[in-house]
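The values are calculated or read from the model by the stated rules, or taken from the named source; none is laboratory data. No experiment lies behind these values; they were computed from the predicted model shown. For neighbour counting, all protein chains shown are included, and Cβ atoms are generated from backbone atoms with ideal geometry for every residue, glycine included.
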Amino acid sequence: MKISQLVPAMHYGDAIGDSARRMKLLFLQRGYEAEIYSLTIDEDLKNEIKPLAQFHQEYRRDDLVLLHFALPSPMTHLFRELPGKKLIIYHNITPPEFFAPYSSELANIATVGREELASLAQVTDIALADSEYNRQELEQLNFPHTAVLPLFVDLKRYNQPPDPLVLRMLGDDSLNILSVGRIVPNKKIEDLLKITSYIKRYLTPLVRLILVGKYNLLPNYYHLLKELNIKLMLTNEQVIFTGHVSPEELVTYYKVADIYLSMSEHEGFCLPLVESMHFKVPIIAYNSTAIPYTLGDAGIRVKVKNIPEIAELCYHLANNRQLRQRIISVQQRRLRDFEISKLEKLLMRYISEVVG
């Protein structure tokens, strides 16, 4: 039997694409035929990923098709009309209300995506979600059979030397607060700026907020943040928007971080939490959406956005070695729940349920 994965966009280093590639390897090891088909494929991946046009030529009725769902695409209609066994993995779609004040186009894409997801409820044998939060969304949309399969994270990819230039620039005595992800409204970057400003004014002038991720998706939101930066009297050295970074640079930012801080109000999984556990960076996160399910009993979760209290907590955690070690120790235990071998067994159990 063949297992075909449909992924709308395959980008090198993307969490969903990397997860699909790991699954393909697992399926091949277990004796299945396996392919990944995509609409958009990075040049570096064209030797291992096939264009969607080939799926139409190669599909057989007894194949199992797995759709990674994270955005609307022509793949939704194709998947819905297929006659054979079908499984989806839902990676979440940010609610449109976060985008509406800044981009009607992105708000519309999010709305259409959620409508497309709902249309798959009665044609999917199993709907998997990479967090319990996502699974509950599927259940609310009347998917009859749902389960959780956390995101496959190959931690070996982070075993590389840091970027020496970045290390030299940021490896000083400043309190380095890290956030990783696209600069978009649901991440509530403005809260991170306010916390950094409080620390600078009342606790220590040696503080730096490092925002790793693309910032050109929503220019209006990015400009609003830059204006807030000025109002809070934070310099470009104290708030760094890195834009897209290389794997070596990403590793370095985690290595120089004293704290990983998330004030996000919508996450489907939040991969940087797992990355922070791996790099032994203590986590403080706002207790929203998928955050409590990914963290489990690890990190520090805050339920109220009291800026002074969170700023004081950041400063205390950065300077209290005993507390840091206690937090990191629990995070290391939680990290074991995301071991690839455990997730592979879980996935194959779900595959067996579908194919009998």
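A quick yes/no check of all residues on (1) free of Cβ contacts under 8 Å to residues at least 12 places away in the same chain; (2) among the hydroxyl-bearing types (Ser, Thr, Tyr); (3) within 20 Å of SER38 (Cα to Cα):
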| position | (1), (2), (3) |
| --- | --- |
| GLY84 | no, no, yes |
| LEU87 | no, no, yes |
| PHE98 | no, no, no |
| ASP125 | no, no, no |
| LEU128 | no, no, yes |
| SER131 | no, yes, no |
| ASN134 | no, no, no |
| PRO144 | no, no, no |
key: Evaluation of LEU178 against (1) under 25 Å from the mean Cα position of the chain (by Cα); (2) more than 13 Å from CYS314 (Cβ to Cβ) (one fails), failing number   = (2)
Positions within region 146-166 being assigned to a loop (DSSP other than H, G, I, E, B) and free of Cβ contacts under 8 Å to residues at least 60 places away in the same chain, in sequence order = ASN159
query = Would it be correct to say that SER179 is surrounded by 21 or more Cβ atoms within 10 Å (Cβ to Cβ) and in a strand (DSSP E or B)?
reply = yes
key: In region 1-21, residue modelled with the lowest pLDDT [restricted to those that are farther than 22 Å from VAL245 by Cβ and touching a helix residue (DSSP H, G or I) at 6+ places or on another chain (Cβ under 7 Å)]   = MET1
ask   = Out of region 306-354, which residues are of a type in the set (D, E, K, R) and crowded, with 16+ Cβ neighbours inside 10 Å?
value = GLU312, ARG324, ARG334, GLU344
query = For the subset of region 287-316 comprising residues that are touching a residue at least 40 places away in the same chain (Cβ under 8 Å) and touching a Cys at 6+ places or on another chain (Cβ under 7 Å), which member is nearest to TYR90 (Cα to Cα)?
reply = ALA290
request  = Considering each residue of region 195-221, count those that are crowded, with 18+ Cβ neighbours inside 10 Å, assigned to a helix (DSSP H, G or I) and under 26 Å from the mean Cα position of the chain (by Cα), and give that number.
outcome  = 3
query = Do you know which residues across region 124-133 are more than 18 Å from LEU6 (Cβ to Cβ) and not in a loop (DSSP other than H, G, I, E, B)?
reply = GLU132, TYR133
key: Count - residues of region 68-91 that are in a loop (DSSP other than H, G, I, E, B) and either touching a Phe, Trp or Tyr at 6+ places or on another chain (Cβ under 7 Å) or among the acidic types (Asp, Glu) (or both)   = 1
Enumeration of residues in region 25-42 that are assigned to a helix (DSSP H, G or I) and either surrounded by 22 or more Cβ atoms within 10 Å (Cβ to Cβ) or in contact (Cβ under 8 Å) with a residue 24 or more places away in the chain (or both) = LEU26, PHE27
request  = Residue by residue through region 2-22, note down the ones that are in contact with a Gly (Cβ under 9 Å, 6 or more places away or on another chain) and either part of a strand (DSSP E or B) or not assigned by TED's automatic domain parsing to the domain that holds LYS86 (or both).
outcome  = VAL7, ALA9, MET10
task = Could you please tell me which pairs satisfy a Cβ distance under 8 Å, a separation of 6+ or placement on different chains, a first residue in region 167-185 that is in the same structural domain as SER104 (by TED's automatic domain parsing), and a second residue that is of a type in the set (A, V, I, L, M, F, W, C) and buried (at least 18 other Cβ atoms within 10 Å of the Cβ)?
result = none
task = Kindly indicate whether HIS91 is within 26 Å of THR146 (Cβ to Cβ), outside the structural domain of ARG182 (by TED's automatic domain parsing) and not acidic (Asp, Glu).
result = yes
inquiry  = Looking only at residues that are over 13 Å from the mean Cα position of the chain (by Cα), in contact (Cβ under 8 Å) with a residue 40 or more places away in the chain and within 18 Å of TYR254 (Cα to Cα) in region 271-286, which one is surrounded by the most Cβ atoms within 10 Å (Cβ to Cβ)?
reply    = MET277
query = What about SER4, is it crowded, with 21+ Cβ neighbours inside 10 Å and hydroxyl-bearing (Ser, Thr, Tyr)?
reply = yes
